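Before any comments, here is the structure.
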Amino acid sequence: MLDKNHKPTWTAMENASKEDFEAVMDYEDDFNAGLVDRLLAQIKSLDEDWTPYPINRYQHCLQAATRAYNDGANEEIVVAALIHDVGDILSPYNHGELAAAILKPYVSEKTRWIVEHHCVFQGFYYNHHLGGDRMAREKYKDSPHYEDCVYFCHNYDQNAFDPKYESKPLEFFEPMLRKLFSKGDGHMELNETHDT
């Protein structure tokens, strides 16, 4: 139970007590309950001019998710299509990795891999126009998720810039987001070691 009267007195983690860390976890659980609301706000923040593309990033994400939904993709992939570019504003040169990190505790390894690598796979459609390697995705040819990523990019991403396409509104996808991000508790396993 969240006790907002518990205020820390320690200035280094090594000096905190078990009760202190239990209080921290209560605060984090309370804050983390708002994850989907923050994700929705991030998606909405993409609704700005993004020239010279035919539509902006917000419309692109809605269209990608709608295309996945209309194709009969599972909800995990639909949500992945919805948030695959959510990192564009904060991490434009590795936005796929950022979106994949957000999804990682909640989705399959396949879905996480697709989102993480979609940027490289998208290069198939434009790298050759800019002096780059159109076939850069081939370095992942041995991945069991290679064909799935090709499919995702071809059917839900590279073609999701049509201003005449009838995309579903964000509200349509909100229940899917809430369902997906309610899976598990999103906590790290206590015995995992992570770089800090």
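Rule-based calculations on the coordinates, nothing more; no lab input. Predicted model only: the values in this text are computed from it and were never measured. All Cβ positions, even for glycine, are placed from backbone atoms using ideal geometry, and neighbour counts span all protein chains on display.
Against the chain, whose longest principal axis is taken from its Cα atoms, helix 109-122 shows a tilt of about 50°. For the chain, the longest principal axis of the C-alpha atoms and the axis of helix 18-32 are separated by about 30°. Using the structure shown, select from LYS104/LYS168; LYS110/LYS183; LYS7/LYS44; LYS139/LYS179; LYS44/LYS104 the pairs with a Cα to Cα distance greater than 23 angstrom. As for pairs spanning more than 23 Å Cα to Cα, those are LYS104/LYS168; LYS7/LYS44; LYS139/LYS179.
Can you sort TYR58, TYR125, TYR93, TYR156 from fewest to most other Cβ atoms within 10 Å of each residue's own Cβ?
On the way: TYR58 18, TYR125 14, TYR93 9, TYR156 27.
If I rank by nearby Cβ atoms, fewest first, I get TYR93, TYR125, TYR58, TYR156.
Here are labelled values, (i) 1.19; (ii) 1.07; (iii) 1.27, and one is the computed Cα Rg over 2.2 N^0.38 Å for what I pasted. Which one? Given (i) 1.19; (ii) 1.07; (iii) 1.27, the calculated one carries the label (i).
In which sequence would TRP113, TRP50, TRP10 go, from the one with the fewest C-beta neighbours within 10 Å to the one with the most?
Working: TRP113 19, TRP50 15, TRP10 11.
By the 10 Å Cβ count, ascending: TRP10, TRP50, TRP113.
Relative to the longest principal axis of the Cα atoms of the chain, helix 57-70 runs at roughly 80 degrees. Between ASP148 and TYR165, the contour length at 0.36 nm per residue exceeds the Cα-Cα span by 3.8 nm. Look at SER17, SER167, SER108 and count the other Cβ atoms within 10 Å of each Cβ; fewest to most, that gives SER17, SER108, SER167. Relative contact order of the chain: 22 percent, from C-alpha pairs under 8 Å at least 6 residues apart in sequence.
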